[in-house]
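This report concerns only the one structure given below.
The values are calculated or read from the model by the stated rules, or taken from the named source; none is laboratory data. Small disclaimer: the values here were computed from a predicted structure and weren't measured. Methodologically, a virtual Cβ is constructed for each residue, glycine included, from the backbone with ideal geometry; neighbour enumeration extends over all protein chains shown. Protein only, heavy atoms only, side chains kept; ligands, DNA and RNA dropped before computing areas. Shrake-Rupley method; radii C 1.70, N 1.55, O 1.52, S 1.80 Å.
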Amino acid sequence: MELSKRAQQIKPSSTLAITAKAGELRAAGKDVVSFSAGEPDFDTPAHICEAGIAAIHNGDTRYTPAAGTVELRKAICKKLKEDNGLDYEPAQIVVSNGAKHALSNAFLAILDEGDEVIIPAPFWLSYSAMVEIAGGKPVLVYTKKENNFMLTREELESVYTEKTKAIVVTTPSNPTGMIASMEDLQVVAQFAMEKDLFVISDEIYEKLIYNKEKKHISIASLGKEIYDRTIVINGVSKSYAMTGWRIGYSACAPALAKAISSIQSHMTSNPNSIAQKAVVAALNGPQDCVEEMRKEFEKRCDYIYEREEAIPLISALKPEGAFYLFVDISKTIGKSYRGETIQSAADFAKLILEHELVALVPCSDFGMPDYVRLSYAISMESIQKGMDRMERFVKELQ
Ligand code: PMP
Ligand code: GLU
């Protein structure tokens, strides 16, 4: 008996696989420094946890509406208005099991078999898998470092076909850490309007910004027409250190939100009722916890970038947001480490894990095989230790 073609073409998420591998080594007593998963190391703020505990005691333990409680959808509308200048009604919001699920639902709701989705590379690896699972075709377009890895009009034109249905925008970006400017977003918005396309706007890192000259802009705020075409994706995993609670959401035009909610109602019913209560507390409660975490990430960002810059053969753009350092290792290709030649970022990652116990993500699955990604959502002490090891590793290359 054969598995479906769809199942056969999907590989497991390598970010999660590398994180699991680092965890196994650690469990076996090895002193691994893991720059792998993009997951804040902070605990969920206490007042949010308390709201979750209260939800259990108060009997908020039953099914909720498939799209999430009205209370939470109202809190999300308020957040989208205050932070992003976007007007939505609760009927336009669908709360899902993490932003990952919100994205998967969105692709299922807009794609027919063979429809194409433009994904600017480097890209967070799950987009292409999610498009394929929904029967669509991911179309990668390679952005350039000199453009801060932002899309240009020419690049969009070079991949557009009659089958193009949507464009993915991620700002701040995983893995590059770059933030789209108003001009960058206008290029995409203009193109989407001319060609009648949807825009999937993943804004999950919006609160994590370090470049004082940049601010987060939602592409949906650029005008009525682009608002109607955009599915805004967001969640609480990164900004409130709530990865395990699994709450994300989408905001879009009413008919599309209804379709997304119908799909979800059959596939998973509603997201967890207790987590929904906790997220109400996160969104409506004090926001200083978000700023405290951001400040800590900023310190780490400055430090890891400075350390990376002092290492020969590798280079990176200074991250503007999110919590990733995207490192060009192309100059190490062809060099050897204790007799083993580095032919790709995967070799680099394998060797540094084996010999220096540093876990990082090779970016072949992100569309950039000459890069590795380092998540700095780990303690300063671990970053220091990891960068000492990385420096030693690169200096030993011949
Ligand atoms: N979008 C991006 C760009 C991400 O890096 C992540 C991290 N997993 C997600 C969405 C999904 O986050 P979650 O499902 O935890 O809300
Ligand atoms: N988004 C994070 C990352 O890129 C978490 C792992 C995942 O879901 O891919 O590492």
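For this structure, a couple of remarks:
- Sparsely packed trypsin sites (Lys or Arg not before Pro) within region 298-344, loop by DSSP, other Cβ within 10 Å at most 11: Arg338
- Sparsely packed trypsin sites (Lys or Arg not before Pro) within region 185-215, loop by DSSP, other Cβ within 10 Å at most 10: Lys212
- Radius, Kirkwood style, for region 225-321 when every pair of distinct Cα atoms is counted (Å): 16.7
- Put simply, the Cα atoms of region 284-340 extend 56, 19, 18 Å along their principal axes, the longest span coming first.
- Residues with amide H under 5 Å from that of Ser34, placed H, sequence gap 5 or more: Ala359
- Compactness relative to 2.2 N^0.38 Å, alpha carbon Rg of region 254-373: 1.54
- The chain: most fluctuating residue of Thr230, Thr341, Thr44 per GNM, C-alpha cutoff 10 Å: Thr341
- Distance between region 1-65 and region 70-134 - C-alpha centres, whole angstrom: 19
- For the chain, the 222 nm mean residue ellipticity estimated from helices alone, with every DSSP H stretch of n ≥ 4 adding -39500 (n - 2.57) and the total spread over all residues, rounds to -13500 deg cm²/dmol.
- Our estimate of slack between Arg338 and Ser265, defined as 0.36 nm per intervening residue step minus the Cα-Cα distance, is 20.8 nm.
- The loop-placed trypsin sites (Lys or Arg not before Pro) in region 1-95, going by DSSP, that have at most 16 neighbouring Cβ atoms within 10 Å of their Cβ come out as Lys30, Arg62.
- Distance violations [Cα-Cα > 23 Å] among Lys238/Lys318; Lys100/Lys224; Lys145/Lys212: Lys100/Lys224
- Shown here are the Rg and Dmax of the Cα trace of region 146-290, at 16.5, 47 Å.
- Relative pair counts by distance (%), Cα atoms of region 32-80, 10 Å bins: 18, 33, 33, 13, 2
- Calculated from backbone phi, Karplus (6.51, -1.76, 1.60) coupling profile of region 296-305 in Hz, x at Gly/Pro: 5, 4, 4, 4, 5, 4, 4, 5, 5, 5
- Value of Rg/Rh across region 48-195 [Cα atoms, Kirkwood radius]: 1.03
- Within the accessible area of the chain, the carbon and sulfur atoms contribute 52%, probe 1.4 Å, all protein chains present.
- Globularity ratio of region 30-121, using Cα Rg and 2.2 N^0.38 Å: 1.46
- Once the Cα atoms are used to define both axes, helix 98-110 deviates from the longest principal axis of the chain by about 60 degrees.
- q = 0.14, 0.20, 0.34 Å⁻¹, region 81-122: log10 I(q)/I(0) [Debye, one scatterer per Cα]: -0.51, -0.89, -1.08
- Here the Debye sum runs over all C-alpha atoms of region 83-157 as equal scatterers in vacuum, and log10 of I(q)/I(0) at q = 0.13, 0.19, 0.26 Å⁻¹ comes out as -0.52, -0.93, -1.10.
- As a ratio to 2.2 N^0.38 Å, the alpha-carbon radius of gyration for the chain is 0.98.
- Two-decimal log10 I(q)/I(0) for region 324-383, as the Debye equation yields it once each C-alpha is a single scatterer, q = 0.14, 0.20, 0.28, 0.29 Å⁻¹: -0.38, -0.74, -1.19, -1.23
- Per residue accessible area of the chain, 1.4 Å probe, in Å²: 43
- Region 116-232 - convex hull of alpha carbons, volume per residue in Å³: 97
- Across Lys21/Lys165; Lys30/Lys137; Lys215/Lys299; Lys335/Lys385; Lys11/Lys277, pairs whose alpha-carbon gap is larger than 30 Å: Lys21/Lys165; Lys30/Lys137; Lys11/Lys277
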